[in-house]
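Peer 1: Starting off with a structure, shown below.
Please treat every number below as a calculation from the coordinates, not as lab data. The shown structure was predicted, so the numbers you read here are calculated from the model rather than taken from an experiment. Positions of Cβ are backbone-derived with ideal geometry, glycine not excepted, and every protein chain shown enters the neighbour counts.
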Amino acid sequence: MATITSSETNGVERAGKSFRLPLAVISYLQAVPLTLILGFFLLLPILMIAVVSFWDYDFAQMYPDFLTMNYEETLGSWVTWKTYLNTLKYAFLVWAITLFIGFWVAYFLAFHIRTTSMQMVLFLICTVPFLTSNIIRMISWIPVLGRNGLINSALTGSGVISQPIEWLLYSDFAVVLAMVHLYTLFMVTPIFNTLMRIDKSLVEAARDAGATSWQVLTNVIMPLAKPGMAIGTIFVVTLVMADFSTVQVMSGGQSASVALMMKNQMSLLQYPAAAANAVVLLVLVLMMVAGILRIVDIRKEL
């Protein structure tokens, strides 16, 4: 039987080591699949939208070109600026209401429900409405807020009002209410996740130091909950800025948003104009997200 000497063994090991890739190369190879997915499904569509936004068009088709006409019409029209301001108004109102509701719901689940199993049960109950589509949940408000809906019928039947309240439906109030209903859970979830990570010993230490419940809330819990609030804010703001169906249905066509304006432009085959609006809206949303990330560091939550 042939024997393998120690020198031959070391030679084989050295030969094996020579085929090992550097760690930097291995790291890049591991990132290739995700890079390809993001590049194909995210960066490439955005690049195509940006390219189309410079094209020319008429009532029938688009023409490859490099024109700034679409951006001039978008940024030079007072109607467009008014639509953007209206969209920002919706985003601010929905954000403020969902932040208030979401924080207190998450705070109740995290600090007033003692058992983890009950916390999960109550949290799952909050997610039950999401088993149905957004359209169904949105339309369900119409028989509640309508002129002959449940609220007006109850108020007129009890003698509180003599005439039905007209602004409950097909108004900005209805749009904001429907959006709050649709997007509150996107604020509850990240805040609840952040509050569950807070070390309870910090709260006990603050109480032992003589802090009141309000001082514990404002000086301990809220500062530690900022990353969750920031993530929820990004979710809610981006969803509201891109929502067109809620604005169209709940306002009765009496109000507008940027997303609804783009939807109408696409229905008229004005794809370059819609692409220009999409680029402007994307830049605006990215600026808002960048501002949030400058204020709050959310890397600890990711």
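Peer 1: What is the range 248-290 by shape, rounded, prolate or oblate, if you read a ≥ b ≥ c off the alpha carbon gyration tensor as root eigenvalues and call it rounded for a/c under 1.5, prolate for a/b larger than b/c, and oblate otherwise?
Peer 2: Note, shape of the range 248-290 comes out oblate.
Peer 1: Can you put 296, 216, 283 in order of Cβ neighbours within 10 angstrom, beginning with the fewest?
Peer 2: Lowest count first: 283, 296, 216.
Peer 1: Which of rounded, prolate, oblate describes the range 129-273, given a ≥ b ≥ c as roots of the alpha-carbon gyration tensor eigenvalues and a/c under 1.5 marking rounded, otherwise prolate only if a/b is larger than b/c?
Peer 2: In terms of gyration-tensor shape, oblate.
Peer 1: What length, rounded to one decimal in nm, is gained on full extension from residue 63 through to residue 218, with 0.36 nm per residue of separation minus their alpha-carbon distance?
Peer 2: Values: separation 155, 0.36 × 155 = 55.80 nm, distance 5.75 nm.
Gain on extension, residue 63 to residue 218, equals 50.1 nm.
Peer 1: Between the helical axis of 172-196 and the dominant principal axis of the chain, each derived from Cα atoms, what acute angle in degrees is found, rounded to the nearest 10?
Peer 2: 30 degrees
Peer 1: Moving on. Output wanted: per-residue J couplings in Hz (rounded whole) for the range 236-242, from phi through Karplus 6.51 cos²θ - 1.76 cosθ + 1.60, θ = phi - 60°, x for Gly and Pro.
Peer 2: Those phi angles translate into 5, 5, 5, 5, 5, 5, 9 Hz.
Peer 1: Something else about it: Along Cα→Cβ, 7 Å out, is where each label goes; now give me the distance between the ones at residue 100 and residue 207 in nm to one decimal.
Peer 2: About 2.8 nm separates the two model spin labels.
Peer 1: With Kirkwood's inverse mean 1/r over C-alpha pairs for Rh, give me the Rg to Rh ratio of the range 108-204, two decimals please.
Peer 2: Value, to two decimals: 1.15.
Peer 1: Would you please give the FRET efficiency between residue 51 and residue 92, computed as 1/(1 + (r/R0)^6) with r the Cβ-Cβ distance and R0 = 25 Å, to the nearest 0.05?
Peer 2: E(calc), rounded to 0.05, equals 0.20.
Peer 1: Taking amide H positions as placed 1.01 Å from N in the peptide plane, with prolines and chain starts having none, which residues 5 or more places from residue 57, or on another chain, fall under 5 Å of its amide H?
Peer 2: 63
Peer 1: Next question. Going by C-beta contacts inside 10 Å, put 240, 128, 285 in order with the fewest on the left.
Peer 2: By the 10 Å Cβ count, ascending, the order reads 128, 285, 240.
Peer 1: For residue 32 and residue 198, what is the calculated FRET efficiency with R₀ set at 41 Å and r taken between the beta-carbons, to the nearest 0.05?
Peer 2: The pair residue 32/residue 198 has a calculated efficiency of 0.60.
Peer 1: Then there's this: Based on the Cβ-Cβ distance of residue 266 and residue 43, what FRET efficiency does E = 1/(1 + (r/R0)^6) give at R0 = 30 Å, to the nearest 0.05? Intermediate results must be reported in sequence, preceding the final value.
Peer 2: Details: r = 22 Å, r/R0 = 0.72.
The calculated FRET efficiency here is 0.90.
Peer 1: Quick one: length gained pulling residue 156 to residue 297 fully straight, 0.36 nm per residue minus the C-alpha distance? Display every interim value, and only then the final one.
Peer 2: On the way: separation 141, 0.36 × 141 = 50.76 nm, distance 5.06 nm.
Using 0.36 nm per residue and subtracting the Cα-Cα distance, I get 45.7 nm.
Peer 1: Same structure, new question: Measuring from label point to label point, each 7 Å out along Cα→Cβ, what is the residue 166 to residue 137 span in nm?
Peer 2: Distance between label points: 3.1 nm.
Peer 1: Using Cβ contacts closer than 10 Å as the measure, can you line up 63, 90 from fewest to most?
Peer 2: Starting with the residue having the fewest Cβ neighbours, the order is 63, 90.
Peer 1: Now a separate question. What number, rounded to the nearest 500 deg cm²/dmol, is the helix-based mean residue ellipticity at 222 nm of the chain, given -39500 (n - 2.57) per DSSP H run of at least four residues and division by all its residues?
Peer 2: Calculated at 222 nm, the ellipticity per residue is -21500 deg cm²/dmol.
Peer 1: Two decimals is fine: what is log10 I(q)/I(0) at q = 0.09, 0.12 Å⁻¹ for the chain, from a Debye sum with one equal scatterer on every Cα and no solvent?
Peer 2: -0.67, -1.00
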